[in-house]
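Every read-out reported here was derived from the displayed coordinates using simple, explicitly stated rules and does not represent laboratory data. Here the structure is a predicted model, which means the values were calculated and not measured. Here the Cβ is made from the backbone with ideal geometry for all residues, glycine too, and neighbour counts use every protein chain on show.
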Amino acid sequence: MSSGRRADVGDFWVRARPTLPIADRLARIGALDSLAPGARRRDLLLHLDELHRQHAGTAIPEQLLLTPVTAAQQVTGLPDMTPREQMEAELEVIGMDASRHLMQPFHPLLAELGVTPSHQLGEVPSGETVLVAGAKIAIQTPPMRSGCRTIFVSLDDGSEGGQIDLAYFDDTHEPVVI
């Protein structure tokens with residue numbers, strides 16, 4: 001920014017000129033969180049409503065004005081959105097849960113079941129049997145010269161270790177009879 005001041009919600013409002021429904025959706029899914037560090041999403045929604053009310057009916061200037069917006073963000077004391085409410089807002093607005101990994105809610109259960117997270121696989125001695133779990137990223141069954149079927153699966157368990165790559169050979173599973 002050439003003015004040297006930090007971007008905030010008021011600056012976003014002046015520069016982007018969003019409609020209230022669009023700004024509301026962006027705030028509900030956390031897209032404006034970095035413009036209001038530490039602010040609760042419900043407070044941010046009220047702040048956007050106040051900005052909209054202040055600027056309703058004002059003509060859009062031909063040239064972008066970089067004057068500060070006067071509505072100060074207030075802390076209302078409203079509770080923050082719960083993780084479930086955040087997820088519901090994301091599902092409603094963008095059709096997917098983007099604030100956390102798909103596997104995150106299952107991490108405690110997987111740990112209880114003895115599943116080895118991807119970031120700990122390097123510590124497992126060679127030849128030891130491990131249990132892994134994750135969301136399927138990719139599956140491939142390329143043609144093999146031998147005619148045997150080999151299945152390659154990539155999983156993402158949501159830990160910092162990255163993906164887990166698995167290979168299944170014909171002799172590791174029962175043949176499928178249709």
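What list of ³J(HN,Hα) values in whole Hz, one per residue of region 36-46 in order, does the Karplus curve 6.51 cos²θ - 1.76 cosθ + 1.60 (θ = phi - 60°) give from phi, with Gly and Pro shown as x?
9, x, x, 7, 7, 4, 5, 5, 5, 4, 5
Could you give the nm distance between label points at residue 137 and residue 166, where each point is 7 Å from its Cα heading toward the beta carbon?
1.5
For labels at residue 129 and residue 151 in the simple 7 Å Cα→Cβ model, what's the distance in nm?
So the two model labels end up 1.8 nm from each other.
Order these by the 10 Å Cβ neighbour count, fewest first: 137, 29.
The most exposed by this proxy come first: 137, 29.
How much length is gained on full extension from residue 17 to residue 31, taking 0.36 nm per residue of separation minus their Cα-Cα distance?
So the chain would gain 3.5 nm between residue 17 and residue 31.
Got a sec to turn the phi values of region 83-95 into Karplus ³J(HN,Hα) couplings, 6.51 cos²θ - 1.76 cosθ + 1.60 with θ = phi - 60°, whole Hz, x for Gly and Pro?
Rounded to whole hertz, the list is x, 5, 5, 5, 4, 4, 5, 5, 5, 5, 7, 10, x.
Using the Karplus curve 6.51 cos²θ - 1.76 cosθ + 1.60 with θ = phi - 60°, what ³J(HN,Hα) values do you get for each residue of region 9-20, in whole Hz, with x for Gly and Pro?
5, x, 5, 4, 4, 5, 6, 8, 6, x, 6, 4
Fully extended, how many nm does the chain gain between residue 101 and residue 76 (0.36 nm per residue separation, minus their Cα-Cα distance)?
Difference between extended and current length: 6.0 nm.
If the only charges are +1 at each Lys and Arg Cβ and -1 at each Asp and Glu Cβ, what is the size of the charge dipole of region 104-172 around the Cα centre, to the nearest 20 debye?
The calculation lands at about 340 debye.
If you count, for each residue, the other Cβ atoms within 10 Å and average over each peptide, how do 123-135, 85-97 line up from highest to lowest?
Final packing ranking: 85-97, 123-135.
If you take the beta carbon distance between residue 92 and residue 112 as r and set R0 to 30 Å, what does 1/(1 + (r/R0)^6) give as a FRET efficiency, to the nearest 0.05?
It comes out at approximately 0.40.
As an exercise, use a Förster radius of 41 Å and the Cβ-Cβ distance of residue 121 and residue 55 to find the FRET efficiency, rounded to the nearest 0.05.
It comes out at approximately 0.15.
What order do you get for 106-112, 7-13 when each peptide is scored by the mean count of other beta carbon atoms within 10 Å, highest first?
Ranking the peptides 106-112, 7-13 by packing returns 7-13, 106-112.
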